[in-house]
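The values are calculated or read from the model by the stated rules, or taken from the named source; none is laboratory data. Since we're looking at a predicted model, the values are computed, not measured. Glycine gets a Cβ as well: all are built from the backbone with ideal geometry, and neighbour counts include every protein chain shown. These accessible areas exclude ligands, DNA and RNA; they are computed on the full protein's heavy atoms, side chains included. Shrake-Rupley method; radii C 1.70, N 1.55, O 1.52, S 1.80 Å.
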Amino acid sequence: MEPKSETSHKLVFEKEGVYLHTNAKRSNQDTTIPGFIRIVERGGEPALEWSALEDEGRNAAAVFYTKKDGEGGVEDTNFDPGYEPDWAVISTVKRDQVREHPPVKETSQWSFSLPLSELYSLRRSRFSLGRNFLVFTSRGGHPLPPLHFHRGGTRELLRAMQRYIILAPSPVDGRLFLAYPHDSGALSQSFDELHLFDDGSSDLVSRFIQDPYATTFGGFSKVTNFFRGALRPPDSPFHPRGPQDHHGPPSADDEPGFELITCGVELGPKPDVTRGQPLDKWEEFLDPEGRVKDPQQIKELVFRGGITPSLRKDVWKFLLGFYPWNSTVKEREDILRMKTDEYFRMKVQWKSVSEEQEMRNSLLRGYRSLIERDVSRTDRHNTFFSGNDNPGLTLLNDVLMTYCMFNFDLGYVQGMSDLLAPLLFVTQNEVESFWCLTGFMEMVHQNFEESQEAMKQQLLQLSLLMKALDPELLDYLDSQDSGSLCFCFRWLLIWFKREFSFEDILSLWEVLWTRLPCENFHLLMAASILESQRGEFIGSDHDFNTILKHINELTMKLDLQTVLRGAEANYLQLACCKELPVKVQEVIGMYVPPSPDDETSPESESHETQQLLSQSQAAATETSQSSNSTAAAASRPRPTYP
């Protein structure tokens, strides 16, 4: 197409048949609007513009935002995190005002004009029927509505954009590209703003120009990706592209649809998986002195079928590190006595605080207030916690208050009562439930940290799994502003506690505590649930809010055994892939980054237990297991569990 020149502007690129999806919530408003995409130079400044067909002739580009940010940012009142706001780690989304970056030009309702110098990133994806779309995000942090190219043209648009900017692909997401200007001065400024480099040496810019992909991401791995720019990938190795791939997006035929960019893996069919019977015998697995003869066999049996209710109280104490697997009956008696003494020493600490003292201790006062409020509404449908003046509620309160003394840095965070209630129900014992809680918190305590980094990383890892397992479904969620998978937050935070019945949670958690077949099996479960809903999503008219609503309505409607079979099938399908990317291998535990200390143990043993028991034999055994596990991961065998 020949560019057309006018006195006021120069048309560089134009494509018809580009539809904007508004996700409008009013029934009398179209949700898909046909229009034109253009690159226009105005006064020498190139801009990306989209206008609706009905706006042609008005000569007006418009912003799609209906509210302007104030000085301190505007809270998005339509954002629904999908869980109770009073204990949500992420409860609202704020769009900060970035004054140095001009906003998208405002004129009418849906059309927009964005200077290419203010483009931060773009994401490209497609559906199976050639329905291609791009999502642009400005440097102010505003994502534009998805633009769907029903008649192709994405490759030509990206090629035209590369005349003015550099598009650097992300190592974490093959569909995400970060935008940088061509001139080195602006590049240096962009690096400073993005903190991509801690090294201020001047040769970084020239290195970037020669090799933008490897220089930007090869040694630093700092990139803003999912969750409205909040998620960061973990620092871990990746396979860099070849030199031919360093400049701009890879070429692809996008008529009728360009090649879907995923992890570059071809997975085999999902294997059939069967579940086993619950562990219903215990004494036969103990030697004459009471040691568990084969802990791995116990874990495999529990992973395959759970534990019969009558044995849970005994087996859970081993799974949660209250007792070491190699402890004798006599040693366990000593451990229980010692742990009981320690528990009540900590309990006395908060019990002996006077009202006057507490008035001067706002932190303890805040913990007590949160605990009292949460205890009053935790699992009240269960007879162990139902009714008024129930002793179960008193135990719940006391154990949580004592945990604040045990871990005062973390203290109490809303949601922890959900983790304790099943432990207290099964053990029926204040001391044992407390120490089982400390073992459980060793696995999940990072979920409750204020920085939210662990939750962000888990959502990113879940996205990586979905990209490998079901890229089309992830593409669909992306197109509806749901690619961050933030609606899975509650699932991961408290390990599906609100999604399944109380009895199902007892079975689920004991399976997850085995840490088989990998420590991130809960992420494979989340992927299994999402895959089970693909028929509901693909081809539907769901938007972000209706997707969130549908996910929340799955509560108590999921079949646990079906989800577990799907999660294990996902693991086997990925584990059998011969070209699985390193990032995905890390998520499922098939690749362990080199570490100076390989002596990691699957068991959680307290400091006092180590003082009581001679751990030399156990440490040697555990080190051997870790070395064998690392070597096995390097050779990428089939899973070793039954």
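Estimated at the nearest 10 Å², the accessible area of Lys15 is 60 Å² with a 1.4 Å probe. Step through the table entries Lys497/Lys583; Lys299/Lys557; Lys317/Lys347; Lys293/Lys583, compare each Cα-Cα distance with 24 Å, and write down the pairs that go over it. Result: Lys497/Lys583; Lys299/Lys557; Lys293/Lys583 exceed 24 Å.
Where does the charge balance sit around Gln428 when Lys and Arg score +1, Asp and Glu -1, over other residues with C-beta under 15 Å from its C-beta? Combined, the nearby Lys, Arg, Asp and Glu give -2. So how much accessible area does Thr328 have, in Å² to the nearest 10, using a 1.4 Å probe? Near enough 10 Å² of accessible area. A 1.4 Å probe, protein heavy atoms only, puts the accessible area of Arg151 near 140 Å². The HN-Hα couplings worked out from phi for the range 435-441 by the Karplus form 6.51 cos²θ - 1.76 cosθ + 1.60 (θ = phi - 60°) are 6, 5, 5, 4, x, 5, 5 Hz, whole numbers, x standing for Gly and Pro.
At 1.4 Å probe radius, can you tell me the per residue accessible area of the range 365-452 in Å²? Averaged over the residues of the range 365-452, the accessible area is 38 Å².
Provide the net charge surrounding Glu289, with neighbours chosen by a C-beta distance below 10 Å and charges set as Lys +1, Arg +1, Asp -1, Glu -1. Counting the neighbours of Glu289, the net charge comes to 0. Available extension along the chain between Leu311 and Asp334 is 6.1 nm, counting 0.36 nm per residue and deducting the alpha carbon span. Each Lys or Arg adds one and each Asp or Glu subtracts one; over the other residues with Cβ under 12 Å from the Cβ of Gly392, this totals -3. Full extension of the chain between Glu16 and Val582 yields a length gain of 199.7 nm, computed as 0.36 nm times the residue separation minus the alpha carbon distance.
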